[in-house]
Structures are given as C-alpha cells and as structure tokens.
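A.B. asks: There's a structure below that I have some questions on.
The values are calculated or read from the model by the stated rules, or taken from the named source; none is laboratory data. Just so it is clear, the model here is predicted, and its values are computed rather than measured. Cβ: placed from backbone, ideal geometry, glycine included. Neighbour counts: every protein chain shown.
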Amino acid sequence: MLRFDPFRDLDALTTGLLGTTPGSARAPQFMPMDLYKVDDHYVLSADLPGVDPGSIDVDVDHGTLTLTAHRTAPGDEGVSWVTSERFAGTYRRQLSLGEGVDPERISAAYDNGVLSVTIPLAERAKPRRIQVERSSEAKKLDVGSSS
C-alpha cells in the first residue's frame with residue numbers, strides 16, 4: 001500500500017530552504033515594519049510577537065536608529081518536535097535618520113507584540129509659513145531708454 005503525504009514535499013522544501021530540522025533553534029530572518037509620517041512626526045511600527053519586553057532596546061547613535069529584541073526558544077527537554085517554524089534569537093534592524101528629525105525626543109512603546117517608535121521632526125525641519133511684508137510706498141521702475 002502506498003501512502004501519500006502531501007506535506008512531505010513541502011517539509012523537505014522548507015528544510016532545504018531554512019537548513020534546519022524540527023526543534024532546532026533558528027535565527028530570526030527579519031523584523032517586519034511599517035514607517036509613515038503623521039503631521040509633525042514619523043511612526044515606526046515593528047512586529048515583534050513573543051519577545052520579552054525587557055529585551056527590547058531602542059538606540060540612537062550618530063544618526064542611526066537601532067532596534068534590538070530577543071525571543072527565547074522553548075526548552076527541548078522531553079519534547080518530541082513535530083514542526084518548528086517560529087524563530088528564536090535576536091532580532092535587529094537599523095535605519096538611518098535624516099537631519100530633519102529630533103533624536104532627543106524619540107519615544108517607544110511595546111503593546112500586543114508591536115513595537116511603536118515615534119520619531120518627531122526637528123523644529124527647523126517643520127514646514128512654516130513665511131509672512132510677506134508689504135512696503136508702504138509703491139516703487140516705480142524707470143523703464144525709459146538710456147541715451
């Protein structure tokens with residue numbers, strides 16, 4: 001009797017791509033994030049499900065914003081893994097900040113597996129309206145010929 005397992009080929013492909021076997025620790029490959037501008041600040045939202053909030057580090061150094069977080073793998077004692085697809089280890093993402101942001105006022109919060117970083121614009125980078133002054137006298141231009 002032949003037994004057909006539709007997931008065998010998929011498991012083999014996954015193992016080949018990731019180079020791991022079920023139950024082995026794998027390093028995180030990426031930290032998905034969104035970055036958008038609202039009024040006078042940017043908002044960065046990064047998905048970090050299952051990380052220990054105490055392991056999250058947000059650092060700014062010489063115009064580079066670095067996000068770091070760690071997720072611990074479950075113990076292997078007495079465990080017979082069937083499949084293991086969740087990454088464990090350290091996540092890290094770096095972004096270059098432009099000159100127009102205020103690194104002193106960057107703030108961060110972690111809620112429901114999402115790290116939100118607020119990056120305010122510097123005062124000098126904010127759009128501003130320039131008042132146009134009117135002269136009290138109308139000036140005339142002499143458009144005559146010069147002979």
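A.B. asks: I'm checking my understanding of the structure. Among residues of the stretch 81-97 that are more than 20 Å from T68 (Cα to Cα) and surrounded by fewer than 16 Cβ atoms within 10 Å (Cβ to Cβ), which one is modelled with the highest pLDDT?
C.D. replies: The extreme case among them is V82.
A.B. asks: Still on this structure, I have one more. Just checking, does the stretch 83-102 include any residue being in a strand (DSSP E or B), out of contact with any Asp or Glu (no Cβ under 8 Å at 6 or more places or on another chain), on the phi > 0 side of the Ramachandran plot and in contact (Cβ under 8 Å) with a residue 60 or more places away in the chain?
C.D. replies: Yes, the stretch 83-102 contains at least one residue that is in a strand (DSSP E or B), out of contact with any Asp or Glu (no Cβ under 8 Å at 6 or more places or on another chain), on the phi > 0 side of the Ramachandran plot and in contact (Cβ under 8 Å) with a residue 60 or more places away in the chain.
A.B. asks: Let me ask something else. Consider only pairs whose beta carbons are under 8 Å apart and that are at least six residues apart or on different chains; among these, list those whose first residue lies in the stretch 110-136 and is closer than 12 Å to S45 by Cβ and polar (S, T, N, Q) and whose second residue is in a loop (DSSP other than H, G, I, E, B) and at pLDDT 80 or above.
C.D. replies: Final answer for the pair search is T118/I106.
A.B. asks: Checking the structure you have, find out if any residue of the stretch 25-32 is touching a residue at least 60 places away in the same chain (Cβ under 8 Å), out of contact with any Phe, Trp or Tyr (no Cβ under 7 Å at 6 or more places or on another chain) and in a strand (DSSP E or B).
C.D. replies: Scanning the stretch 25-32 turns up no residue that is touching a residue at least 60 places away in the same chain (Cβ under 8 Å), out of contact with any Phe, Trp or Tyr (no Cβ under 7 Å at 6 or more places or on another chain) and in a strand (DSSP E or B).
A.B. asks: Out of the residues in the stretch 57-74 that are within 18 Å of P103 (Cβ to Cβ) and among the aliphatic types (A, V, I, L, M), state the one that is surrounded by the fewest Cβ atoms within 10 Å (Cβ to Cβ).
C.D. replies: Filtering first and then ranking leaves V60.
A.B. asks: Limited to the stretch 48-67, what total is found for residues that are assigned to a helix (DSSP H, G or I) and over 17 Å from V114 (Cβ atoms)?
C.D. replies: Initially, the stretch 48-67 is screened for residues assigned to a helix (DSSP H, G or I), giving 53-55.
Narrowing further to those that are over 17 Å from V114 (Cβ atoms): none.
Qualifying residue count for the region: 0.
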